[in-house]
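Working notes, beginning with the structure itself.
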Amino acid sequence: MAAVDPATAASTGEGPIRVAVIGAGPAGFYAAAALFKQDEVDVRVDMFNRLPTPYGLVREGVAPDHESIKAVTRVFDKTGNDPRFRFFGNVSIGDDLSVAELKRFYHMIVYAVGAQSDRRLGIEGEDLAGSHPATIFVGWYNGHPDFADLEFDLSHERAVVIGNGNVAVDVARILVRSVDELADTDMADHALAALRESSVREVIMLGRRGPAQAKFTSAELKEFGELPGVDVRVDAEQLVLDDASQALVDEERRVRRNLEILEGFASREPSGAPRTIELRFLASPAEIIGTDGRVEAVKVERNRLETGADGWQRATGTGQFEILECGLVLRSVGYRGVAVPGVPFDDKHGVIPNEQGRVTDRPGGATLPGEYAVGWIKRGPSGIIGTNKPDAVETVRHMLDDVRTLDRSSVSGDPEAIVRVLDERGLRYVTFDDWKQIDAEERARGEPRGRPRSKIVRVDEMLGVCGR
């Protein structure tokens with residue numbers, strides 16, 4: 001039987017289904033893996049990523065002192081080494097290539113772009129120098145190229161972290177952890193140097209609701225109490241719960257365990273440790289105060305919980321205020337998705353509108369053939385890394401159901417067509433083999449110092465390492 005010309009395979013329906021995955025974080029890799037695991041349809045996956053490096057928040061968001069969590073990249077490596085997979089790093093969809101152009105080369109597009117922005121507090125002084133989204137601080141100490149050249153004022157003894165989720169816990173821990181311990185991690189060199197000179201000795205975390213409503217996990221919270229040289233302070237009176245909060249404790253194991261850990265912190269006698277973390281609940285920032293454009297304090301309002309008709313407990317201000325002097329504010333009140341040019345966007349919820357992964361033209365609208373979403377841009381910023389796996393499987397199941405209705409005549413079946421476009425535009429894209437060279441170089445740089453890697457934080461240097 002004569003071989004089918006790749007350039008005409010799509011029109012005859014005999015070639016593989018070509019899928020573009022936009023975004024190289026866990027959601028994108030889990031989607032690619034699910035596509036390869038099934039044997040109903042012959043699939044080829046090309047993954048595009050704005051940065052030269054893959055793995056998204058596993059590389060750029062997981063705290064450096066949580067190295068074991070990053071072991072999931074070994075699973076992603078298997079997908080990256082699959083002959084049906086290609087990686088095009090350092091390619092920005094919307095700038096270098098448009099979604100409309102991708103549709104000429106791919107039967108299906110999967111948006112796995114995550115939630116790249118932060119939610120705002122909407123209070124006066126939020127944009128003063130010294131007030132930052134925690135997402136940027138996390139990117140800075142993890143060596144994200146966008147934030148590598150930033151500077152954070154660590155010359156004051158007190159920092160305030162606004163939020164009660166795992167990211168808030170991470171940044172609070174990093175601010176008080178021994179730099180000698182951090183020096184054994186893959187934290188970016190510039191961050192290690194800055195933290196070594198830090199004057200921060202006290203971190204106060206503010207949560208607008210009570211301890212039963214806090215979103216951090218028990219493992220993250222427990223780690224506070226294990227930090228050498230750090231006292232953890234919790235006011236026992238803030239752990240007295242109303243009936244609705246107590247019901248949460250009774251129903252959810254995580255909440256019950258969190259309260260047990262917090263009660264343990266509250267019962268501890270101060271040891272006189274040089275650094276402290278204080279957790280305050282029912283406290284909201286009302287204003288960030290500063291002169292000469294810089295943070296000097298946070299005005300904090302005391303809250304109470306009120307249960308609405310829907311059973312949801314909301315924080316309501318009491319009109320009682322306190323001024324907390326500080327020199328650094330890190331705002332960690334949630335992530336938010338960013339619109340992809342040419343793709344519908346639900347601005348209210350910060351996601352791409354979809355029905356179980358099938359992209360719709362508007363919230364609750366008609367589905368768009370061949371376009372899908374996975375991960376945080378699909379469901380919002382919730383869950384842990386592993387949550388993205390069943391999420392991706394759900395989307396892929398619908399993709400497979402939709403294969404039979406695809407109009408394949410308008411898509412080029414030539415796998416090299418997209419490569420020619422990138423080459424013609426002079427785009428210095430990074431392949432998965434190129435990434436392996438970057439990875440090997442980072443590991444080699446870290447080895448003499450007993451570190452898992454020393455991250456390269458500038459794109460030009462990454463490209464130079466892999467000969468691009």
### Query
So which residues in region 157-184 are surrounded by 19 or more Cβ atoms within 10 Å (Cβ to Cβ) and more than 16 Å from residue 332 (Cβ to Cβ), if there are any at all?
158, 177, 182
## Note on the structure
Across region 208-227, the tally of residues that are assigned to a loop (DSSP other than H, G, I, E, B) and within 13 Å of residue 277 (Cβ to Cβ) stands at 4
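What number of residues within region 208-233 are in contact with a strand residue (DSSP E or B) (Cβ under 7 Å, 6 or more places away or on another chain) and either closer than 22 Å to residue 121 by Cβ or acidic (Asp, Glu) (or both)? Steps first, answer last, please.
Restricting attention to region 208-233, the residues satisfying the condition of being in contact with a strand residue (DSSP E or B) (Cβ under 7 Å, 6 or more places away or on another chain) are 208-210, 213, 224-225, 229-233.
Still in the running and either closer than 22 Å to residue 121 by Cβ or acidic (Asp, Glu) (or both): 208-210, 213, 231.
Qualifying residue count for the region: 5.
Residue under question is residue 336, and the condition is that it be surrounded by fewer than 22 Cβ atoms within 10 Å (Cβ to Cβ) and of a type in the set (Lys, Arg); does it hold? Full working, then the answer.
Working: surrounded by fewer than 22 Cβ atoms within 10 Å (Cβ to Cβ): yes; of a type in the set (Lys, Arg): yes.
Yes; evaluated as a whole, the condition is true for this residue.
Being outside any strand (DSSP E or B), more than 28 Å from residue 376 (Cα to Cα) and touching a strand residue (DSSP E or B) at 6+ places or on another chain (Cβ under 7 Å) is the filter here, so list the residues in region 307-339 that pass it. It would help to see each step written out before you state the result.
Taking region 307-339 as the starting set, the residues that turn out to be outside any strand (DSSP E or B) are 308-312, 326-327, 332-334, 337-339.
Those left that are additionally more than 28 Å from residue 376 (Cα to Cα): 309, 326-327.
Those that are outside any strand (DSSP E or B), more than 28 Å from residue 376 (Cα to Cα) and touching a strand residue (DSSP E or B) at 6+ places or on another chain (Cβ under 7 Å): 326, 327.
Quick one: would you say residue 359 is in contact with a Leu (Cβ under 8 Å, 6 or more places away or on another chain), touching a residue at least 60 places away in the same chain (Cβ under 8 Å) and not assigned by TED's automatic domain parsing to the domain that holds residue 170? If you could, list the steps in order and put the result at the bottom.
Details: in contact with a Leu (Cβ under 8 Å, 6 or more places away or on another chain): yes; touching a residue at least 60 places away in the same chain (Cβ under 8 Å): yes; not assigned by TED's automatic domain parsing to the domain that holds residue 170: yes.
Criteria met by residue 359.
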### Any chance residue 370 is farther than 17 Å from residue 46 by Cα and small (Gly, Ala, Ser)
no
### Query
Looking at 447, 441, which is the one that is in contact with a helix residue (DSSP H, G or I) (Cβ under 6 Å, 6 or more places away or on another chain), charged (D, E, K, R) and not assigned by TED's automatic domain parsing to the domain that holds residue 110?
441
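Sort through 172, 194, 134 and tell me the only one that's in the same structural domain as residue 274 (by TED's automatic domain parsing) and more than 21 Å from the chain's Cα centre (by Cα). Walk me through it before giving the result.
Values: 172 fails: more than 21 Å from the chain's Cα centre (by Cα); 134 fails: more than 21 Å from the chain's Cα centre (by Cα).
One residue alone meets the criteria, 194.
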### Message
Would you confirm, using the coordinates I've provided, whether residue 455 is outside the structural domain of residue 97 (by TED's automatic domain parsing) and within 16 Å of residue 185 (Cα to Cα)?
### Response
yes
### Task
Given the conditions (1) in a strand (DSSP E or B); (2) crowded, with 18+ Cβ neighbours inside 10 Å, report the number of the one that residue 304 does not fulfil.
(2)
### Query
Any residue at all in region 367-380 that is farther than 30 Å from residue 68 by Cα, touching a residue at least 40 places away in the same chain (Cβ under 8 Å), over 21 Å from the mean Cα position of the chain (by Cα) and surrounded by fewer than 18 Cβ atoms within 10 Å (Cβ to Cβ)?
no
### Query
Does residue 296 meet the test of being surrounded by 14 or more Cβ atoms within 10 Å (Cβ to Cβ), out of contact with any helix residue (DSSP H, G or I) (no Cβ under 9 Å at 6 or more places or on another chain) and touching a residue at least 24 places away in the same chain (Cβ under 8 Å)?
yes
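Out of everything in region 219-262 that is acidic (Asp, Glu) and crowded, with 16+ Cβ neighbours inside 10 Å, what residue ends up being nearest to residue 168 (Cα to Cα)?
Step one: list which residues in region 219-262 are acidic (Asp, Glu), which gives 220, 223, 226, 231, 235, 237, 242-243, 250-252, 260.
When the remaining residues are screened for being crowded, with 16+ Cβ neighbours inside 10 Å, the result is 220, 223, 231.
On the way: 220: 10, 223: 13, 231: 17 Å.
Going through the qualifying residues, I end up with 220.
Checking the conditions here, which among 216, 265 is crowded, with 19+ Cβ neighbours inside 10 Å, modelled with pLDDT under 95, among the aromatic types (Phe, Trp, Tyr) and closer than 29 Å to residue 385 by Cβ? Let's see the steps before the verdict.
Working: 265 fails: modelled with pLDDT under 95.
Just a single option satisfies the conditions, and that option is 216.
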### Message
For region 169-192, give me the residue count where each residue is more than 12 Å from residue 63 (Cα to Cα), in a loop (DSSP other than H, G, I, E, B) and in contact with a helix residue (DSSP H, G or I) (Cβ under 8 Å, 6 or more places away or on another chain).
### Response
1
### Task
Tally the residues that are surrounded by fewer than 16 Cβ atoms within 10 Å (Cβ to Cβ) and either under 22 Å from the mean Cα position of the chain (by Cα) or not charged (D, E, K, R) (or both), restricting the search to region 401-416.
4
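The values are calculated or read from the model by the stated rules, or taken from the named source; none is laboratory data. Remember, predicted model here, so these are calculated numbers, not experimental data. We place every Cβ from the backbone using ideal geometry, glycine too, and count neighbours over all the protein chains shown.
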